[in-house]
Amino acid sequence: MDVYYHDLFTFPLPRGHRFPIQKYAMLRQRLVEEGIIRLEDLHVPAPASDDQLLLVHSQEYLHKLKNGGLTEKEIRRLGFPWSLDLVERSRRSVGSTIAACRSALENGLAASLAGGTHHAFPDHGQGFCVLNDVAVAVRVMQKENRAERALIVDCDVHQGNGTAAIFEGDPRVFTFSVHGAKNFPFRKSQSDLDIDLPDGTGDDEYLAALEDGLEKALDEADAEWVIYLAGADPYNGDRLGRLSLTKSGLAQRDRLVLERSRQRGLPVAVVMSGGYGEDVNDTVDIHFQTVRLAVEFSD
C-alpha cells in the first residue's frame, strides 16, 4: 500500500498553541520503526498547484494566502498565524491527499499521513484548516477523468462543514459526517447525511450509529471510491473531542469503514484528520492503528 506524507513537519506557532504539529513526524517515524510501512512505500508527492487549488478555492483567497493578505479576523478564524511555511505545508498536505486518491483508484487502498482539513471553505480557512484537501482531491480526480462519484466518510469528531458546503447540491459527491452535536463548528453546514452525537457517546452507541449511517451512505452515494477521514479526536482522552470512544472502539470504527467499503468493491483513500490528545502519544497511537489496519486490508 502506498502511503503519502509531506516533509514539512513544522511551521512557526506561538508558545502554548493547541495544535499538536509534532504528531505527523512521530507517526511517520513509528510506522517505519515498527515495520508497518517500508521506506520504499513512503512517498512525498508534489505540492498542490494553483490550478488544482482553484478547482475549489477562490482566486481572491488563494492570492491572500500566497501574499500574506489575510485580515486579523481571517487569521483568528483560521486559528494559525500566517506564514509562508504554513502555506507551503498546506499545499503539500493537499498534494498528499491528491496522490493518495490516485493510488487508491489504481490499487484499491492508499493513505496520507496528514489531510482531512474539512473546515476550509472556498473563500476562507477555519478551525486549523487552511485548504480543503479532500475537496480539491475530488475535483482533481474528476478533472483527470479518473472517477466522478465520491463518498466522503468523515469520522472526525467535528462536522466537516467546509466540505459539506462545497459539495452541497452536487449529486456526484455524497458527504457523510459523524460528529459531536454540541462541538465545533457551532454553525454547521448540511451534509448529505449527518449523524449528531451527544457529548459522552461511547463505543457501542457510536459504532451502532456509524454502521447504520454507513449502510445508508453506501446505498445512496453510488460512489466509485471512498475518502475516509479517520479522526483521532473522538477519543475519550482528546482535549477537543467531548466523546468517549476508546482506542479499541476507534479501531473497530476503522475496520467497519474499511470492511464495508471492500464489500462494495470500493477503493479507499484514508486521511488522518484531527486529534488533540491530552497526551500526543495517544493521538499517534490512534493514527498508527488506522494506518496499520489499512495496510492489513491492502494485503
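What the table below lists for this structure:
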{"read-out": "Value of relative contact order over the chain, rounded to a whole percent, pairs C-alpha under 8 Å and six or more apart", "value": "20 percent"}
{"read-out": "Heavy-atom surface of region 198-266, accessible at 1.4 Å and reported per residue (Å²)", "value": "40 Å²"}
{"read-out": "DSSP-defined antiparallel bridges as percent of all bridges, the chain, nearest 5", "value": "10 percent"}
{"read-out": "Mean projected area (nm²) of the alpha-carbon convex hull when region 103-207 is viewed from all directions", "value": "7.4 nm²"}
{"read-out": "Pairwise Cα inverse-distance average, inverted: Kirkwood Rh of region 209-276 (Å)", "value": "12.7 Å"}
{"read-out": "Dipole moment magnitude, nearest 20 debye, region 148-299 about Cα centre, only Lys, Arg, Asp, Glu C-beta charged", "value": "220 debye"}
{"read-out": "Selection from Leu243, Val87, Phe176, by position along the positive dipole direction of the chain (Cβ)", "value": "Val87"}
{"read-out": "Per residue, in Å², the accessible surface of region 1-90 once ligands and nucleic acids are set aside, probe 1.4 Å", "value": "55 Å²"}
{"read-out": "Subset of Lys64/Lys182; Lys23/Lys247; Lys188/Lys216 violating a 23 Å alpha-carbon distance limit", "value": "Lys64/Lys182"}
{"read-out": "Eligible aspartates and glutamates near Lys66 by straight Cα distance, threshold 15 Å, same-chain separation 8 or greater", "value": "Asp50, Asp51, Glu74, Asp85, Glu88, Asp123"}
{"read-out": "Surface accessible to a 1.4 Å probe, per residue, for the residues of region 92-133, Å²", "value": "20 Å²"}
{"read-out": "Loop-located chymotrypsin sites (Phe, Trp or Tyr not before Pro) in region 114-219, at most 14 other Cβ atoms within 10 Å (DSSP)", "value": "Phe186"}
{"read-out": "Listed residue (Leu42, Met26, Cys101) projecting farthest to the positive dipole end of region 1-121, Cβ model", "value": "Met26"}
{"read-out": "Within region 75-144: Cβ-based charge dipole about Cα centre, in debye rounded to nearest 20 (Lys, Arg +1; Asp, Glu -1)", "value": "120 debye"}
{"read-out": "Theoretical ellipticity at 222 nm over the chain - DSSP helices of four or more residues, -39500 (n - 2.57) apiece, nearest 500", "value": "-13500 deg cm²/dmol"}
{"read-out": "Percent carbon-and-sulfur accessible area, the chain, ignoring ligands, DNA and RNA, probe 1.4 Å", "value": "46 percent"}
{"read-out": "Taking N as its residue count, the alpha carbon Rg of region 1-139 over 2.2 N^0.38 Å", "value": "1.05"}
{"read-out": "Positive-pole candidate from His57, His158, Gly277, dipole of the chain, charges at beta carbon", "value": "His57"}
{"read-out": "Read-out Rg and Dmax of the Cα atoms in Å, derived from the coordinates shown; its label in [x] 17.2, 48; [y] 20.9, 85; [z] 18.8, 56", "value": "[x]"}
{"read-out": "5 Å binning of all Cα-Cα separations within region 238-299, expressed as whole percents from 0 upward", "value": "4, 16, 28, 24, 14, 9, 4, 0"}
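The values are calculated or read from the model by the stated rules, or taken from the named source; none is laboratory data. What you see is a predicted model, and the numbers here were worked out from it, not measured in a lab. Neighbour counts are summed over all protein chains in view; Cβ atoms, including those assigned to glycine, are modelled from backbone coordinates with ideal geometry. Side chains are part of the model used for accessible areas, which takes the heavy atoms of the whole protein and leaves out ligands, DNA and RNA. Shrake-Rupley method; radii C 1.70, N 1.55, O 1.52, S 1.80 Å.
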